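First comes the structure, then the notes that go with it.
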Amino acid sequence: MFWRAASSYDGGGMVGLTCTEVYMLGTGSALHPARAQSSILVDTGYAILLVDAGCSSLNNLLRTGRRLEDLDAVAVTHAHYDHICGLGLLSFITQFRGRQPPIVVAPRGSLRIVEEALALGARSSAKPSSTMPEVRTIAPGEVLSLEGGLKIRALAAEHTVEALGFEVSHRTSGSIVVSGDTRPAPQISEAASRAALTIHEATLPSGMEGEAHASGHSTVAQALEIASLSELGALYHLTPLSEAEAVERARGSRVLVPQDLGAVKIC
Ligand SMILES: [Zn+2]
């Protein structure tokens, strides 16, 4: 069952009609009783990207019917552990199977921790040969072109450590914005205003603006406002504090509060 957003792509040109599928593999914060940690899967039909790799992200990727080997790239928003704990498992499994791992994209300030997480997983496989994932760093405003015509643009986020949001696009569909962990940030709002889909974090309930600002997070009302700039929005990184308000406030709007594995098709 998919929610749908139309694409800004007009269907002209040489490319056949494809749809981009977006799965919310993990919609919870670091420790939520019923939601996996942050992870969003984008499948353009030409390439598959994971934005963040929470602990259960690879298990949930399999639940969409895809294989680990299908994954072309993982874009890390920041190095807080709930966003990268799947990276060790990724390098462990690819190393163990002797497969080429996907490229990992990360902010420069996350590089050391990301490489350590990948190295720990690889070392635990006890395989002598090394096929560590290539890690490419990216800064706000930069665009990386990846496998299958996939483009990701880094957006400046505002968190307690160096953090990015990502604008993901492909020539066949409108763009998808994923905020990562952030308080409201101008580059993310700007990208949201032209996106087919914006997935924004909503960690804290309204009324806790001060706490949200101090911890580099957004309240439900702030997240709703930004996600509403796009044709379709979704809230994630939910906590037991923010979840009920998010569901209540989003009712009847163009902003979804999906459970894990909720999906949007952009055609
Ligand atoms: Zn964080």
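The values are calculated or read from the model by the stated rules, or taken from the named source; none is laboratory data. Keep in mind that this is a model prediction, so the values were computed, not measured. When we count neighbours, we look across all protein chains shown, and the Cβ atoms used for this are built from the backbone with ideal geometry, even at glycine. Please note that ligands, DNA and RNA were not included when accessible areas were found on the heavy atoms of the full protein model with its side chains. Shrake-Rupley method; radii C 1.70, N 1.55, O 1.52, S 1.80 Å.
So here's what we get for this one:
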| quantity | calculated |
| --- | --- |
| Sum of side-chain charges, Ala244 neighbourhood, beta-carbon under 14 Å (Lys, Arg +1; Asp, Glu -1) | 0 |
| Peptides ranked, highest mean first, by Cβ atoms within 10 Å: ranges 238-248, 143-153 | 238-248, 143-153 |
| Among Gly216, Val143, Leu118 the positive-end extreme of the charge dipole of the stretch 2-266 (Cβ point charges) | Leu118 |
| Furthest towards positive pole of dipole, Ala154, Thr77, Ile266, structure part the chain, Cβ charges | Ile266 |
| Accessible-area ranking of Asp72, Asp43, Asp52, largest first, probe 1.4 Å | Asp72, Asp43, Asp52 |
| Residues in the stretch 42-66 reached by a label modelled at Ser124 [backbone nitrogen below 20 Å; 7 Å Cα→Cβ] | 52-63 |
| Anisotropy class of the chain from Cα gyration tensor, a/c 1.5 cut | oblate |
| Euclidean distance of C-alpha centroids, the stretch 55-97 and the stretch 146-173, integer Å | 17 Å |
| Diffusion coefficient, µm² s⁻¹, Stokes-Einstein with Kirkwood Rh over alpha-carbon pairs of the stretch 83-151 at 37 °C and 0.692 mPa s | 260 µm²/s |
| Cα gyration tensor shape of the stretch 16-154, rounded if a/c is under 1.5, else prolate or oblate by comparing a/b with b/c | rounded |
| Solvent accessible area, Å² - Val51, 1.4 Å probe, full protein context | 0 Å² |
| Helix-derived mean residue ellipticity, 222 nm - over the chain, DSSP H n ≥ 4, -39500 (n - 2.57), to 500 | -7500 deg cm²/dmol |
| Normalised contact order of the chain, rounded percent, pairs of Cα under 8 Å and 6 or more residues apart | 21 percent |
| Accessible-area value, Ile266, 1.4 Å probe, nucleic acids and ligands omitted, Å² | 0 Å² |
| Per-residue SASA entry for Val178, accessible area with 1.4 Å probe, Å² rounded to 10 | 0 Å² |
| Charged-residue dipole, Cβ positions (Lys, Arg, Asp, Glu), the stretch 2-266 about Cα centre, Debye nearest 20 | 680 debye |
| DSSP beta bridges in the chain [antiparallel fraction, %, rounded to 5] | 50 percent |
| Check: the stretch 137-267 dipole with +1 on Lys, Arg Cβ and -1 on Asp, Glu Cβ, in debye | 540 debye |
| Among Thr44, Gly98, Ser189 the positive-end extreme of the charge dipole of the chain (Cβ point charges) | Gly98 |
